[in-house]
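The values are calculated or read from the model by the stated rules, or taken from the named source; none is laboratory data. All figures in this text were calculated on a predicted structure; none of them were measured in a lab. Cβ placement follows ideal geometry from the backbone for every residue including glycine, while neighbour counts extend to all protein chains displayed.
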Amino acid sequence: MSRYLPDLLGKAGLLLQYSDCAQPDVELRRAAVRSMANLCLSVPGQPYLDESYRNVCFQTFLSILQSSKTPDVDDITFCMLLQNALKGIQSLLNGGKMKLMQTDHLGSLLAVVKKCMFHGLPGLSIEMPPALYPAPLPQYDKRVPVKQEQSELAAFKQTGNRRKKSKGKQKKEEFGEDTKEDLADTGNESTQETDMLKLHTGGVQKSPCSNPRSHALDFAHMRPEKNHLSSHYNNWKRISSSESEYSDAEGGIQSKTRSYQAKVRQGALACFLSAIKSIEKRILYGYWSAFVPDGPGIGSPQSVSLMTIALKDPSPKTRACSLQVLSAILEGSKQFLSVAEDANDHKRAFTPFSVTVASSIRELHRCLLLALVAESSSQTLTQIIKCLANLVSNAPYNRLKPGLLTRVWNQIKPYICHKDVNVRVSSLTLLGAIVSIQAPLPEVQLLLQQPSSSGLNNSGTGTPHRSNSSEQWRKTLRLEGEPPNPEPCWLIRLCISIIVLPREDPCSDSDANFPSGNVYEPSPVRLESLQSDRQVLCITLLLGLNHSENPLVKAAAARALGVYILFSCLRQDVMFVADTANAILNSLHDKSPNVRAKAAWSLGNLTDTLIVNMETMGQSFQEEFSDLLLLKMLRSATEASKDRDKVKSNAVRALGNLLHFLQLYHIRNPRFREAIEESIQALISTVQSEATMKVRWNACYALGNVFKNPALPLGEAPWTTQAYSALCSVVKSCKNFKVRIKSAMALSIPSKRECYGPSEQFCQIWSALVVALQKSEDTEDFLEFKYSASLRTQICQALIHLLSLAKTTDLLFISETLSESGDAIKCCVLQYMKSGVEEDEGETHTNLCEREKAVKGAIEHLGGLEKQLEGKARVRVAAYLEDILTNHVHATQLTEA
């Protein structure tokens, strides 16, 4: 095939000629574009297109997507042309075949993708510039004239009337079984919370026939009588319950056109999803405001975004696609969203970026909750809840005004009893994300204390229901003669009930079977508060479920064991630690990547407890712990460090802890020798690898843990040079400053001079730290700049530590370095002496008194070394430090005065 490519895609290639915009035969042009898109498909075992051909195809597809429909082209043919072009770009992006490195390529692609995302959407059409550019504010999207909108709306009205006669057969074929649940009544919410759920639709024509879904959105937040709500919702549902796929006989040419337009929107969203996977997140977030809703300004319409599709598109499949894309954007957005902060002063002349991001987060909550209430498709509902879970996992709620989580909690509670299993699973995942927020929030604690019936028993007809068997689990956990209290919180008991009891009658469609009383009682407790038989029940369940054939169950069990091992009442029990270790190691070799990732996380937690027990319980715990199990853990963690990044990041953390835990008799044992060498080499290669920054951060942290073990031959073993070399390379050149900070911390851990090896190696470490100090502000990513002060602090601490251990053979090189870069180092050390502790890496820093003490100790040590030299080599390192200390003392006195 490759020999024909010049004739097809060369400068005068047939496909280029036939796909040109000037080609009069539209069908020929469409066939040429389709053929070109097929050439871009990746075929296993065959070489992919050369870069020159990929660029030619990309530009051809882009020009087609940028072009407007001409009068001689009918709507359906134009839609097919757009579909083929989008399919071609998606094929180029899939599998990493084409990287969008150039800003103009990415901006042009995102502009046409956004344009096609709304192609043919009833009641809405936008014009886009040729390219989008990174910007913190909403970007240009021009609405079409109202006259054109009205004509489109009138056409849609005719289609909607025909849909009432449809039996929805096409929907089943394309999208699967949809739920028939009614719209949930939010009458239980306060008026203030209800107002928060209103959709701002400024700029879109509010005609009665503008969009069937908008009717639901308009009255979903009201509190009408039940019959009034039901009659309105049934009318809406008859219009929108069927997918946009109709034959000419069922809906005529307009319905067929709408079907093809929906496919264009779906193709654009699929292309966007591939683009997200092929670019770095830090680049993607430059275009955040172009696709994520922002808080509407006073008197201005809300910009169109992915949530516009999720709320207004008549096709459930398109709505689900938009939510998948939004989930992909939100995944891993924690660092970007961490800058968000609600404004206290609303009278500023400008809006800070932190407030803009906070406003966007609030708008996402509002829109997603509104979509949750209005959605009738189970599969789309699952995507909404998954999207909410991603948002909850990444949003900095400790920097936002409380109330957001309460609204999510109250809205999602009924869906844990939904008749669709995927909705129930995603609802539990969302609740898990809420209670797993890192900083313990008072809002979450109050939510766990809520009566379970809050927000459930006052629901309207559309609320998901629970069968009357839900009381059974409550009775099974209460033993005869046992007092009713204390009981675990309702969420814990619900989870136990789902594990223990088979759900033969999962959920009923009627209100009659829903229990009216309080199903759950508030009693948030820790595992230690449970009676011993309850503890045994929980532990036995988890250890048993760890052998489940269902990967979802097995992954959840592995993660739960990783939480249980942190409880002090369990981690000191050697038998429980051993049982948990064996269960986790079993899951670590599972064929499911998700199970392995959860098991690796739990293994990291388990090895953390080994270190805590070693420090608190002493040698007795180390001697009780099985040597054979320890060796098995070491080998399994080493093997897991070669797995995918989600497994690797925790596997290397576990390796660092295990190597720290080893005693001298382990290291001398021939059975351990090979495993130790392989595990250390795995850490070194991970530090040097191109893995994600989280993996490399954990690897640096792990090497620091290795250096803490005095039993290891640090400084003598051959791997010492490799370990220091890897850390020196990272501290000088890694793009991620937090990884640099952790590598500098690792370099400052060895407590004896002999651990650093010969003078040549010691001087290389010193030189690397000096270079890293000079480059502490060199970054292309503005998000890294905020860590530069923490980096300088850690490097200065490492340099002073090295000076306090230096030998006479090291001083000459150190003196030469200070003569070349002494002024720059002096400024940084003075700043280190007077600066406070940074929040982000605070655990690695010392207080000001300890810093002064460390400098004085280094001066005393260096002074003694310089006396030993007598006149052989004139070095004045101690005087250099004394000068820094004197300047610091004078500056402190002036400040106090």
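Points to keep in mind about this one:
- Number of the exception - LEU631 against (1) touching a His at 6+ places or on another chain (Cβ under 7 Å); (2) closer than 17 Å to ILE680 by Cα: (1)
- Qualifying residue in segment 607-621 (condition: in contact with a His (Cβ under 7 Å, 6 or more places away or on another chain), crowded, with 16+ Cβ neighbours inside 10 Å and either assigned to a helix (DSSP H, G or I) or in contact (Cβ under 8 Å) with a residue 60 or more places away in the chain (or both)): yes
- In the set (1) in contact with a Ser or Thr (Cβ under 6 Å, 6 or more places away or on another chain); (2) acidic (Asp, Glu); (3) in a loop (DSSP other than H, G, I, E, B), the condition left unmet by GLU716 is number (1).
- SER649 over 25 Å from the mean Cα position of the chain (by Cα), of a type in the set (Gly, Ala, Ser) and surrounded by 15 or more Cβ atoms within 10 Å (Cβ to Cβ): no
- A residue that is of a type in the set (Val, Ile, Thr), in contact with a helix residue (DSSP H, G or I) (Cβ under 7 Å, 6 or more places away or on another chain), at negative phi and assigned to a loop (DSSP other than H, G, I, E, B) occurs somewhere in segment 675-695.
- Among the conditions (1) surrounded by fewer than 18 Cβ atoms within 10 Å (Cβ to Cβ); (2) in a helix (DSSP H, G or I); (3) not basic (Lys, Arg), ASP643 misses just one, which is (2).
- When residues of segment 801-816 are limited to those that are surrounded by 20 or more Cβ atoms within 10 Å (Cβ to Cβ) and within 42 Å of the chain's Cα centre (by Cα), the one nearest to LEU865 (Cα to Cα): LEU803
To keep it simple, each residue is scored yes or no on (1) among the aliphatic types (A, V, I, L, M); (2) surrounded by 15 or more Cβ atoms within 10 Å (Cβ to Cβ).
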| position | (1), (2) |
| --- | --- |
| TYR701 | no, yes |
| ALA723 | yes, yes |
| CYS728 | no, yes |
| LYS735 | no, no |
| VAL739 | yes, yes |
| SER743 | no, yes |
| ILE749 | yes, yes |
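- Residues of segment 52-62 include none that is basic (Lys, Arg) and crowded, with 20+ Cβ neighbours inside 10 Å.
- Odd one out for LEU848 among (1) on the phi > 0 side of the Ramachandran plot; (2) modelled with pLDDT of 70 or more: (1)
- Segment 372-401, subset over 19 Å from VAL425 (Cβ atoms) and crowded, with 23+ Cβ neighbours inside 10 Å, residue nearest to the chain's Cα centre (by Cα): ALA395
- Counting the residues of segment 659-698 that are among the aromatic types (Phe, Trp, Tyr) and closer than 14 Å to ALA726 by Cα gives 1.
- The listed residue being over 27 Å from SER759 (Cα atoms) and not charged (D, E, K, R), out of ASN709, ASN705, ASN650: ASN650
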